[in-house]
């Protein structure tokens, strides 16, 4: 192998030109002939017995070249890459043949994409907000009421009026200025009063009526209603209730707390609900804080990032999405049928997040290098076991699927993010 030239041809892209000597190429051609002669039919010769010269005369001088290219290219490219100044690459190289002849050898070009060696500054001491919202009584009540609703019982009302919170099975027939409109009629529709599913004011007017009692509901469509021909118009709905189901919530007392939790009193249960909401608020604040830090890191990153890195990461996102769909019993094809999307649209939707992930990873890898962060054998073993548990695999299977170096890199990246968070300057919204 001989590296002829190595030059930067585009941002994030280099082209290598390198040759394979004639003796190496000739041997590869001979090997190709021996491997493939049994597949070639030549009149006058038994299968597998035709001389190479006859085959080349019949099918062309380069008949065995492609196989020979594939044989000599990997080693030649690896040597050329080592001899160049490119270093570590990302993505798949793009090869081309410049010239090929058994008497002079072969010349290849390879378009390669160097892994960026970015610059990053001011990654320690980043200012970012971390505001943990206080837990309100309304949040606690809402959480507890959700549990009460899950433990409610339904009672069919046969004598009495509908109330807000009831589920009423209704017929309705709407009109504007006495003229029926499309979508304005329904039969045996189960409507929970207070759900907000119907036009504002509709559900409140259904409350207070008895079974099979015809009545009218007078409402006005919102000005921004999706059906433009109805927006802002007054409508009348002739309505009748066929069934009323009252949802009875359990009493809010110590017995309720015992039924739905490990606690003996309502006060203890309420305190636990508050603590869980507080923890959720803390997690949400942490996520917002980290997001602000990652945005700062990406803004401070200076790198020539090859397009192939963005493309590869976008494909990773698409594959992950497909896997999640399959776990829920769907696949991409079915998802596209339901949503009207296609693969290109999905890729376009995933691309912005993929770009952020590429930039963030590069930034954190650089920080890990600058700060001399490392992963111990114990940390690698612990992470291997964590992955094995998460994916229901054996630790040995994880080791076979993921090299220890790759796991170590992930650990160093996490340590870099932890360092950025530890050294960040936390400020409140008011201080900003």
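The values are calculated or read from the model by the stated rules, or taken from the named source; none is laboratory data. Quick caveat, the model's predicted, so the values are computed rather than measured. Using ideal geometry, Cβ is built from the backbone for each residue, glycine included, and neighbour counts are taken over all protein chains shown.
Before moving on, here are some points about what is shown:
- Whenever a residue of the range 216-233 is in the same structural domain as residue 202 (by TED's automatic domain parsing), it has no partner that is at pLDDT below 90 and assigned to a strand (DSSP E or B) lying with C-beta atoms less than 7 angstrom away and at least six residues away or across chains.
- From the list 177, 159, 171, the one residue that fits, being loosely packed, with under 11 Cβ neighbours inside 10 Å and more than 15 Å from residue 230 (Cα to Cα), is 159.
- Some residue of the range 194-206 being part of a strand (DSSP E or B) and either out of contact with any helix residue (DSSP H, G or I) (no Cβ under 6 Å at 6 or more places or on another chain) or under 17 Å from residue 162 (Cβ atoms) (or both): no
- Selection of helices (runs of 4 or more DSSP H) fully inside the range 11-97 by the criterion of at least 2 residues being under 36 Å from the mean Cα position of the chain (by Cα) returns 65-83.
- For the range 349-358, the count of residues that are assigned to a helix (DSSP H, G or I) and farther than 28 Å from residue 418 by Cα is at least one.
- Those residues of the range 261-298 which are surrounded by 13 or more Cβ atoms within 10 Å (Cβ to Cβ) and more than 30 Å from residue 151 (Cα to Cα), in sequence order: 285, 286, 288, 289, 290, 292, 293, 294, 295, 296, 297, 298
- Residue that is nearest to the chain's Cα centre (by Cα), among those in the range 277-290 that are farther than 17 Å from residue 422 by Cβ and free of Cβ contacts under 8 Å to residues at least 40 places away in the same chain: 283
- Residue within the range 339-347 that is touching a residue at least 24 places away in the same chain (Cβ under 8 Å) and within 12 Å of the chain's Cα centre (by Cα) present: yes
- One residue alone among 159, 141, 117 is at pLDDT 95 or above and not in a strand (DSSP E or B), and that residue is 141.
- The residue list 400, 372, 323, 392 contains one member that is outside any helix (DSSP H, G or I) and farther than 30 Å from residue 419 by Cβ, which is 392.
- Taken over the range 76-93, the criterion of being out of contact with any strand residue (DSSP E or B) (no Cβ under 9 Å at 6 or more places or on another chain) and in contact (Cβ under 8 Å) with a residue 60 or more places away in the chain is satisfied by 92 alone.
- Evaluated against (1) out of contact with any helix residue (DSSP H, G or I) (no Cβ under 7 Å at 6 or more places or on another chain); (2) part of a strand (DSSP E or B); (3) closer than 30 Å to residue 152 by Cα, residue 182 falls short on exactly one condition, (3).
- Failed item in (1) modelled with pLDDT of 95 or more; (2) surrounded by 13 or more Cβ atoms within 10 Å (Cβ to Cβ); (3) more than 30 Å from residue 365 (Cα to Cα); (4) touching a strand residue (DSSP E or B) at 6+ places or on another chain (Cβ under 9 Å), with residue 96 passing the rest: (2)
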